[in-house]
Amino acid sequence: MPTKYTDVKGHAIYYHYRGATTLPDVIPDFSRGRKIVFLHPEGGNGAPWHNQIDALGRKHSPVAFDFPGHGRSDGVEGLKSIGEYADFLAAFMDALQFQSAVIAGWSMGGAVAMEFALRYPARVEALILVATAAKFAIPEERIQHLYAVMMGRAPQAFVTDGFSSKTVKDNFNVVREMWMEQIKTDPRVRYTDTRACQEFDLSGAISAIGKPILILGAEAGTAGAKDAELIRDKIRGARLDVVPDAGNMIPVEQPIVVNDAIEEFLGELK
């Protein structure tokens, strides 16, 4: 999976794509099929979308990038709000000369995708929302713990609560790999991202999104499943696929299911 840097608003932004490598100042060929921009979760980066980039790149032109301060993009701070991230997405698309694209967002990335669809509707062909919410239920205790980690007063603990019990039991390598990706991002960024998610609320506005939407939700009975159902119920025509044996890390827990669902959805777009 080739990677490159591009300049976006003065930031060196690292992105992943599929296809031939090009010289530093030459934009790769994104003419195959649909352009798809994948947005990562809070405190994460674009690398965990690699299963989707590889599979969908056979027919389409997918790209995943690291927001400022995340992964291998420059900066030690993230942006301060979901709205700022949405505006940055517009600038990233400008840098790659994308007039419009299918926008796929995971967790915070899904929030950015929905905000982007409301701010820049002409630039959205469809949305793919993965393990996300129109309003996140983030307890203040979690924010305070992340603040303590940022200040060096608490360890950055290894946790598995974003995964299904089946993944933790049968595929622990996936859990470990995600952890290794997450710690590439400074704790300051994880704190500001989570605060931005806590302040995000589109629950009263998402019904205005008039685009084809695929929602990929966690297994039934989880908080993530309820968030997915709320989005489906508020957006006319939205399609919800519940992914079995998956928590909130759906793209890495069940990559084949995710890839098949996205392929089918893209095939239905006009």
Return the pair list, or none, for Cβ contacts closer than 9 Å from residues in the range 19-32 that are free of Cβ contacts under 8 Å to residues at least 40 places away in the same chain to residues that are basic (K, R) and loosely packed, with under 13 Cβ neighbours inside 10 Å, at least 6 apart or on different chains. R32/R58
Take the range 121-160 and flag every residue that is outside any helix (DSSP H, G or I) and either of a type in the set (S, T, N, Q) or free of Cβ contacts under 8 Å to residues at least 60 places away in the same chain (or both). T132, P139, M151, G152, R153, A154, P155, Q156, A157, F158, V159, T160
Pairs with Cβ under 8 Å, 6+ apart, first in the range 2-15 and farther than 14 Å from Q97 by Cβ, second part of a strand (DSSP E or B) and among the hydrophobic types (A, V, I, L, M, F, W, C): Y5/A12; Y5/I13; I13/F65; Y14/F65
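Would you confirm whether any residue within the range 19-36 is within 13 Å of the chain's Cα centre (by Cα) and closer than 26 Å to A126 by Cβ?
So in the range 19-36, the residues within 13 Å of the chain's Cα centre (by Cα) come out as 36.
Still in the list and also closer than 26 Å to A126 by Cβ: 36.
Yes, the conditions are met somewhere in the range 19-36.
Can you tell me how many residues in the range 227-247 are charged (D, E, K, R) and in contact (Cβ under 8 Å) with a residue 40 or more places away in the chain? Give the steps one after another, and end with the answer.
Residues of the range 227-247 charged (D, E, K, R): 227, 229, 232-234, 236, 239, 241, 245.
Now drop any that are not in contact (Cβ under 8 Å) with a residue 40 or more places away in the chain, which leaves 227, 234, 245.
So the answer is 3.
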Taking the range 161-176 as the region of interest, how many residues are charged (D, E, K, R), exposed (fewer than 14 other Cβ atoms within 10 Å of the Cβ) and part of a helix (DSSP H, G or I)? 3
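Name the single residue that is farthest from F136 (Cα to Cα) among those in the range 206-240 being part of a helix (DSSP H, G or I) and in contact with a helix residue (DSSP H, G or I) (Cβ under 8 Å, 6 or more places away or on another chain). It would help to see each step written out before you state the result.
At the first step, the residues of the range 206-240 found to be part of a helix (DSSP H, G or I) are 206-208, 223-234.
Checking the rest, the ones that are also in contact with a helix residue (DSSP H, G or I) (Cβ under 8 Å, 6 or more places away or on another chain) come to 206-208, 231, 234.
Numbers: I206: 14, S207: 17, A208: 19, I231: 12, K234: 16 Å.
Here the residue is A208.
Pull up the range 46-68, narrow it to residues that are assigned to a loop (DSSP other than H, G, I, E, B) and over 15 Å from the mean Cα position of the chain (by Cα), then point me to the one that is surrounded by the fewest Cβ atoms within 10 Å (Cβ to Cβ).
Pass one, the range 46-68, residues assigned to a loop (DSSP other than H, G, I, E, B): 46, 57-60, 66-68.
Filter once more, so that each one left must be over 15 Å from the mean Cα position of the chain (by Cα): 57-60.
Values: G57: 19, R58: 11, K59: 13, H60: 20.
Looking at residues that are assigned to a loop (DSSP other than H, G, I, E, B) and over 15 Å from the mean Cα position of the chain (by Cα), I get R58.
One residue is enough: does the range 232-251 have a residue meeting the conditions closer than 30 Å to A154 by Cα, surrounded by fewer than 18 Cβ atoms within 10 Å (Cβ to Cβ) and either basic (K, R) or out of contact with any Phe, Trp or Tyr (no Cβ under 6 Å at 6 or more places or on another chain) (or both)? Spell out the reasoning first.
Here is the first cut: in the range 232-251, the ones closer than 30 Å to A154 by Cα are 246-251.
Pick out the ones that are also surrounded by fewer than 18 Cβ atoms within 10 Å (Cβ to Cβ) and you get none.
No, the range 232-251 contains no residue that is closer than 30 Å to A154 by Cα, surrounded by fewer than 18 Cβ atoms within 10 Å (Cβ to Cβ) and either basic (K, R) or out of contact with any Phe, Trp or Tyr (no Cβ under 6 Å at 6 or more places or on another chain) (or both).
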Please verify whether the range 95-111 includes one or more residues that are touching a His at 6+ places or on another chain (Cβ under 7 Å) and either closer than 17 Å to V252 by Cα or touching a residue at least 24 places away in the same chain (Cβ under 8 Å) (or both). yes
Here is a list of conditions, (1) crowded, with 16+ Cβ neighbours inside 10 Å; (2) at pLDDT 90 or above, and S203 meets all of them except one; can you say which number that is? (1)
Mind listing whichever residues of the range 208-224 are over 17 Å from the mean Cα position of the chain (by Cα) and surrounded by 15 or more Cβ atoms within 10 Å (Cβ to Cβ)? I209, K211, P212, E219, T222
Pairs under 8 Å by beta carbon, first residue acidic (D, E) in the range 36-61, partner not in a helix (DSSP H, G or I), six or more apart or different chains? E42/S107; D54/M1; D54/R18
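Filtering the range 69-98 down to residues that are of a type in the set (G, A, S) and closer than 26 Å to P121 by Cα, which residue is farthest from the chain's Cα centre (by Cα)? First the steps, then the outcome.
First, the residues of the range 69-98 that are of a type in the set (G, A, S): 69, 71, 73, 75, 78, 81, 83, 86, 90-91, 95.
Checking which are closer than 26 Å to P121 by Cα leaves us with 78, 81, 83, 86, 90-91, 95.
Details: G78: 15, S81: 15, G83: 15, A86: 12, A90: 15, A91: 17, A95: 19 Å.
Applying the filter and picking the extreme gives A95.
So that you can scan it fast, the table gives a plain yes or no per residue for (1) closer than 23 Å to R119 by Cα; (2) touching a residue at least 40 places away in the same chain (Cβ under 8 Å); (3) polar (S, T, N, Q):
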site	(1), (2), (3)
V189	no, yes, no
A208	yes, yes, no
L216	yes, yes, no
E219	no, yes, no
A225	no, no, no
Does the range 164-181 hold any residues that are under 16 Å from W49 (Cα atoms) and touching a helix residue (DSSP H, G or I) at 6+ places or on another chain (Cβ under 8 Å), and which are they? V174, V175, E177, M178, E181
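The values are calculated or read from the model by the stated rules, or taken from the named source; none is laboratory data. If you're wondering where the values come from, they're calculated on a predicted model, not measured in any experiment. As a convention, Cβ positions derive from the backbone with ideal geometry for all residues, glycine included, and neighbour counts pool all protein chains shown.
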